[in-house]
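J.: Could you have a look at this structure, given as structure tokens, before my questions?
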Amino acid sequence: MSAESGGALLWDLDGTLIDSEQRWAAVCWEIAEESGIKEWRPSPVDISGRAIPMLAGMLRERGAAGTLGSLTSALTERMRTLNRQDGVLWRPGALEMLETAHQNGVRQALVTMSLEMNVIDILEQLPRPYFAQIVTANMVTRHKPVPDPYVLALKRLDLPTSGSVAIEDSPAGLRSACDAGLNVIAVPCSGAIAPSDDYQIWETLAARGLPDLVAAGLAVG
């Protein structure tokens, strides 16, 4: 079974491909404490699906010192340091799914609200270059939950929405992918996902394969 002339598999990053939301929450808390904000200790659910500039905005709203740009940079550099020093934590079954799609000729794209510099560090830890296209937070004016990031990815892949599948973990990401017209798989990470006719819920990517993706709406050639 090959998908060379079919649709694409579009991946979210944080909470979907990698288990990073606990780290993001910890980084936000550290910067908040350094700014004298003692009452805010965000949980992974609090920050799930938010672009880094949005996290910086949350810090500013609570009184963190610095501009939106400087706080965005601080968050980015803290996370880059953790990913380089401690390595990336891959979600169960994610690397296997990437490889399965690759071996079957499925084009893949990464659609993330992390910044490009964060993504580079993570891509370097993959066993091979899987993604034909990458869309990051600094490539779009409007972030998830609006559909713009996925619309841009599909445009760059030169594909219609039908026949392609997105994998997401957060309400914001799910809304973005659904509103872009994609077939969507929800894989919970930080919090439970409410059932909906707009997407399928998989508790894990582990032990899933190409037939499961096809059943979820992936078109194959």
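The values are calculated or read from the model by the stated rules, or taken from the named source; none is laboratory data. Everything numeric in this text was worked out from a predicted model, so none of it was measured. Positions of Cβ are generated from backbone atoms using ideal geometry, with glycine treated the same way; all protein chains shown enter the neighbour counts. Each accessible area value is taken on the protein alone, full model and side chains, heavy atoms only, with ligands, DNA and RNA left out. Shrake-Rupley method; radii C 1.70, N 1.55, O 1.52, S 1.80 Å.
J.: If you take the residues of the stretch 183-211 that are under 20 Å from G7 (Cα atoms) and in contact with a Gly (Cβ under 8 Å, 6 or more places away or on another chain), which of them is surrounded by the fewest Cβ atoms within 10 Å (Cβ to Cβ)?
T.: R208
J.: Within the stretch 6-16, identify whether any single residue is polar (S, T, N, Q) and either over 23 Å from K144 (Cα atoms) or assigned to a helix (DSSP H, G or I) (or both), and answer yes or no.
T.: no
J.: Mind checking which residues of the stretch 165-182 are open to solvent by less than 20 Å² (accessible area, probe 1.4 Å), in a loop (DSSP other than H, G, I, E, B) and of a type outside the set (D, E)?
T.: If the condition is that a residue be open to solvent by less than 20 Å² (accessible area, probe 1.4 Å), in a loop (DSSP other than H, G, I, E, B) and of a type outside the set (D, E), then S170, A180, L182 are the ones that fit.
J.: So Q22 clears everything in (1) closer than 17 Å to T136 by Cα; (2) of a type in the set (S, T, N, Q); (3) at pLDDT below 90 except one condition, right? Which one?
T.: Condition (1) is where Q22 drops out.
Rundown of residues vs (1) of a type in the set (A, V, I, L, M, F, W, C); (2) under 25 Å from D197 (Cβ atoms), yes/no style:
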position: L98; (1), (2): yes, no
position: V111; (1), (2): yes, yes
position: S114; (1), (2): no, no
position: N138; (1), (2): no, no
position: Y150; (1), (2): no, yes
position: K155; (1), (2): no, no
position: I167; (1), (2): yes, yes
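J.: Hey, among the residues in the stretch 94-117 that are open to solvent by 10 Å² or more (accessible area, probe 1.4 Å) and either free of Cβ contacts under 8 Å to residues at least 12 places away in the same chain or in a strand (DSSP E or B) (or both), which one's nearest to L10 (Cα to Cα)?
T.: So the residue we want is R107.
J.: Just for helices (runs of 4 or more DSSP H) wholly inside the stretch 41-89: which have at least 1 residues that are farther than 21 Å from H143 by Cα?
T.: It comes to 68-86.
J.: Go through the residues of the stretch 123-132 one by one and say whether even a single one is of a type outside the set (A, V, I, L, M, F, W, C) and crowded, with 17+ Cβ neighbours inside 10 Å.
T.: So far as the stretch 123-132 goes, yes, one or more of its residues are of a type outside the set (A, V, I, L, M, F, W, C) and crowded, with 17+ Cβ neighbours inside 10 Å.
J.: Any residue in the stretch 70-85 that is acidic (D, E) sitting within a Cβ distance under 9 Å of a residue that is open to solvent by 60 Å² or more (accessible area, probe 1.4 Å)? List the pairs, counting only those 6 or more apart or interchain.
T.: E77/M117
J.: Suppose we keep only residues that are assigned to a loop (DSSP other than H, G, I, E, B) and touching a residue at least 40 places away in the same chain (Cβ under 8 Å) within the stretch 139-164. Which one would you say is most open to solvent (accessible area, probe 1.4 Å)?
T.: Applying the filter and picking the extreme gives S162.
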